[in-house]
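The values are calculated or read from the model by the stated rules, or taken from the named source; none is laboratory data. Here the structure is a predicted model, which is why all the values come from computation and not from measurement. All Cβ positions, glycine included, derive from the backbone under ideal geometry; neighbour counts span all protein chains shown.
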Amino acid sequence: MPARLLIATTNSAKLAEYRLLLARYPLELISLRDAGIERAPAETGATFQENALIKARYYFDAARIPVLADDGGLEVDALGGAPGVNSHRWLGPEADDAMLAEEIVRRMAEVPQGRRTARIRCALALRYDRGGAAAEHVVEAAIEGVIAVQVYRPVRVGFPYRAVLYLPQRRCYLAELGEAEEARIGQRRTAVERAGPYLQEIAGMQSVG
């Protein structure tokens, strides 16, 4: 039977992207809803890597099956790396995706072109059982660009910062590429590729029984 891997996210758009990115692996992808898990850990880490591990450990303890968890967000150099680990909580719980995108553009309004560099970063953590001992791995990837002078619309639910990250080498916003192309070149694709040996290990260890 296929190996099971819990994708630890409540973001339906992110879950769909992982289903696309992981299609080549012999894995049965399980959502938090499938696993009946409603609670979430406090993301108290100071880095994306720490938060990804917090989530991977929490959901592994809850589900007792291999877990993939990630954390990520936008880093804007002219804003001192903000919003960073607070990307999704930056403006508080009432802020929607469009508000997050608009606030980035507003704060960058007076920043000259040469200082608008930014990136969307992803830290991906895997936790699983290896012969009775817990195995943990974290990989990281980013897609580089610059902050645009206006928001690309419509802002896709779940991915506010793709509407403000412009890719000079492609002469387009990240959000303009469409779901399949975004997944092909994005930071999660690179992170999944870097995690490939561990994903193969999970598949091999879990595929029997």
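So here's what we get for this one:
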{"quantity": "Residue match in the range 153-164 (condition: free of Cβ contacts under 8 Å to residues at least 24 places away in the same chain, assigned to a helix (DSSP H, G or I) and either out of contact with any helix residue (DSSP H, G or I) (no Cβ under 9 Å at 6 or more places or on another chain) or crowded, with 21+ Cβ neighbours inside 10 Å (or both))", "calculated": "no"}
{"quantity": "Residues of the range 27-58 satisfying the condition of being surrounded by fewer than 17 Cβ atoms within 10 Å (Cβ to Cβ) and of a type in the set (Val, Ile, Thr)", "calculated": "THR44, THR47"}
{"quantity": "First in the range 26-54 and under 20 Å from CYS122 (Cα atoms) and among the small types (Gly, Ala, Ser), second anywhere and assigned to a strand (DSSP E or B) and at pLDDT below 95, Cβ under 7 Å, 6 or more apart", "calculated": "none"}
{"quantity": "Output for the range 80-98, where each listed residue is aliphatic (A, V, I, L, M) and loosely packed, with under 15 Cβ neighbours inside 10 Å", "calculated": "LEU91"}
{"quantity": "Residues of the range 55-72 classified as touching a residue at least 60 places away in the same chain (Cβ under 8 Å) and acidic (Asp, Glu), total", "calculated": "1"}
{"quantity": "Criterion (part of a helix (DSSP H, G or I), aliphatic (A, V, I, L, M) and in contact (Cβ under 8 Å) with a residue 12 or more places away in the chain) met by exactly one of ALA123, ALA175, ALA142", "calculated": "ALA175"}
